[in-house]
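Q: Structure incoming, see below.
The values are calculated or read from the model by the stated rules, or taken from the named source; none is laboratory data. Everything quoted here is computed from the prediction, not taken from an experiment. Don't worry about glycine lacking a Cβ; one is built from the backbone with ideal geometry, like all the others, and counts go over all protein chains shown. Surface accessibility is based on the protein's heavy atoms, side chains included, excluding ligands, DNA and RNA. Shrake-Rupley method; radii C 1.70, N 1.55, O 1.52, S 1.80 Å.
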Amino acid sequence: PSPAYLSATGLGPATEGPIAPLPSPTTETNPSTTTTTVLNISLMLTTGARHPYTLDEKYLHSRKVTTTVDKTTGDFDPRLLSGYQLKELIWIDWRSEWEPRPANPSFIRLILMGRMLEDKVALREYPFNLSAVNVVHMTVKPADLHDDDDAAGAGKGSKSGHGGFRRGGGRDDDHEEDDRGAGCRCVIL
């Protein structure tokens, strides 16, 4: 029987304490010498719950992820995933005890050591450690904030260029309503 960390379920149940790194699994061809690469993550939710998340070859293969093989060496490396692919995997494995599942993976925010994971950037560009558990904080972007971001992106080519605010501060309500941007916001969780 294969060990638990080689199962096709990469997201484990919530734990209260720190998550210990799992030993690297050995391959079936030569169990004494060869190991595969595993990325161990402790997914921290805003509720304080921690979920072990193991990204190994078997799990990613079961999710039909094929971008994890280095083209130059032919070696498996889970850090070849993009930030968006990691969000997709979390979204697919979303737990019912978490807050309501967002409409799509782009609503998920992942933060590693104070850095937000960008959608198009490979995980290898971030300080992920293959020999330790990497703590990744997860929040969900509120739906109304996501809509405002879309509106702000559409309004970047507006005529006034000041987003509906006067130079001296305060709103400039004399301009068209659709000329205003989303403005600045701070979300405290």
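Q: Using the beta-carbon distance between SER96 and GLU125 and R0 = 41 Å, what value does 1/(1 + (r/R0)^6) give for FRET efficiency, to the nearest 0.05?
A: On the way: r = 33 Å, r/R0 = 0.80.
Between SER96 and GLU125 the formula returns 0.80.
Q: Could you give the length gained by full extension between LYS71 and GLU118, i.e. 0.36 nm per residue of separation minus their alpha carbon distance, to one decimal place? If you can, show how the numbers build up before the last one.
A: Numbers: separation 47, 0.36 × 47 = 16.92 nm, distance 2.24 nm.
Here the answer is 14.7 nm.
Q: Another question, if that's okay. Which sequence of SER131, SER96, SER106 reflects their accessible areas, 1.4 Å probe, from the largest down?
A: On the way: SER131 95, SER96 115, SER106 35 Å².
Of SER131, SER96, SER106, the descending order of accessible area is SER96, SER131, SER106.
Q: Related question: Quote the FRET efficiency, to the nearest 0.05, computed for ARG63 versus ILE188 with a Förster distance R0 of 30 Å and r equal to the Cβ-Cβ distance. Let's see the in-between values first.
A: Working: r = 34 Å, r/R0 = 1.12.
Efficiency computed from Cβ-Cβ geometry: 0.35.
Q: Still on this model: How much accessible area per residue does the stretch 39-140 have, counting only protein heavy atoms and a probe of 1.4 Å, in square angstrom? Show your work: numbers first, answer last.
A: Numbers: 5160 Å² over 102 residues.
Solvent-accessible surface per residue comes out at 51 Å².
Q: What's the carbon and sulfur percent of the stretch 39-140's accessible surface, probe 1.4 angstrom, rounded to a whole number? Spell out each step's value before the answer.
A: Numbers: 2690 of 5160 Å².
Carbon and sulfur atoms account for 52 percent of the accessible area of the stretch 39-140.
Q: For the pair ILE111 and THR15, how long in nm is the line joining their label points, each one 7 Å along Cα→Cβ?
A: Placing both labels 7 Å along Cα→Cβ, they lie 2.3 nm apart.
Q: Sticking with this structure for a sec: D for the stretch 39-140, whole µm²/s, Stokes-Einstein with Kirkwood Rh over alpha-carbon pairs at 25 °C and 0.890 mPa s: what number?
A: Numbers: Rh = 14.0 Å.
For the chosen part, D equals 175 µm²/s.
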